[in-house]
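The values are calculated or read from the model by the stated rules, or taken from the named source; none is laboratory data. Here the structure is a predicted model, which is why all the values come from computation and not from measurement. Positions of Cβ are generated from backbone atoms using ideal geometry, with glycine treated the same way; all protein chains shown enter the neighbour counts.
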Amino acid sequence: MRAGSEEALTSGVDHLRAQDPVALALVERYGPPPRRIPVTPERRFEQLVQAIVHQQLAGRAAEAIHARLVTGLGGAVTPEVVAEVPPEILRSCGLSASKTAAVHGLADHVLSGAITLGRIGRLSDDEVIAQLTQVRGIGRWTAEMFLLGTLGRLDVWPVGDYGVRAGYAAAWGLPALPTPGQITVLGDQFRPYRSLLAWYCWRAADDRHPVESHDPSDRSNRPGTPGRMALKPST
């Protein structure tokens, strides 16, 4: 089934409902997740830049910086434009030095052909992650958000995402937050639709308390962008 199709979404929700009574209750409470239409190749670079901007920031702050960045680039968030823009311009939009380097590094990798965004949708999830994490500043979490929100993959389970772990703990009544290793195992029964389970975990986390996610490649362990940033419906 094609990622983003109504058939795939319906099958996934039915699968979750059949696996576990808590999953059934989540589906009944929140309804079906929004259908995720894979982003066209022309917008993939822009989506990755947006994900980099959102790392380690609360939603509103990240959105403001991203808006300034788009304006600073003249509305054209492309690798060609980014490669020609001095770091000082990106910094003036609010990007940190590390994020500035990551955005420039991404542009360089795309222009050199090391990252092939036009064909990346044909790769497996692991191959996509391996390709994107060549860029210093893009960790596994950012690559997983790209798989979820940009490519619309159905079986991504971001175990390093704090919101997923907190939501799972809240929904299943766990006494403590599961570790990434523990939640990896807990998610196994929901294959091949763990992306949908992640969406329900984010909803459960939202109901309990505000939750921010982070890119595990950043060792500061500060709260970061909510995982649902990359999952908002495409237009």
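Some points to look at:
- Within segment 37-52, the set of residues being among the β-branched types (V, I, T) and over 19 Å from A64 (Cβ atoms) comprises I37, V39, T40.
- Output for segment 52-79, where each listed residue is assigned to a helix (DSSP H, G or I), modelled with pLDDT of 95 or more and within 20 Å of T133 (Cα to Cα): P79
- Identity of the residue in segment 166-209, among the charged types (D, E, K, R) and under 25 Å from A8 (Cβ atoms), that ends up surrounded by the most Cβ atoms within 10 Å (Cβ to Cβ): R194
- Listed by position, the helices (runs of 4 or more DSSP H) enclosed by segment 103-207 that each have at least 1 residues that are under 15 Å from the mean Cα position of the chain (by Cα) and modelled with pLDDT under 95 are 140-145, 162-172.
- Filtered by the rule that a residue be assigned to a loop (DSSP other than H, G, I, E, B) and hydrophobic (A, V, I, L, M, F, W, C), segment 26-51 gives I37, V39.
- Comparison of I129, I120, I138, I183 shows that the only residue that is within 18 Å of D20 (Cβ to Cβ) and among the β-branched types (V, I, T) is I183.
- Residues in segment 13-49 that are in contact with an Asp or Glu (Cβ under 9 Å, 6 or more places away or on another chain) and within 19 Å of R153 (Cβ to Cβ): R35, V39.
- In segment 23-44, the residues that are out of contact with any helix residue (DSSP H, G or I) (no Cβ under 9 Å at 6 or more places or on another chain) and in contact (Cβ under 8 Å) with a residue 60 or more places away in the chain: I37
- Test: A23 is among the aliphatic types (A, V, I, L, M), in a helix (DSSP H, G or I) and surrounded by fewer than 17 Cβ atoms within 10 Å (Cβ to Cβ): no
- For segment 97-111, the criterion of being more than 26 Å from E6 (Cβ to Cβ), surrounded by 23 or more Cβ atoms within 10 Å (Cβ to Cβ) and not assigned by TED's automatic domain parsing to the domain that holds V49 is satisfied by no residue at all.
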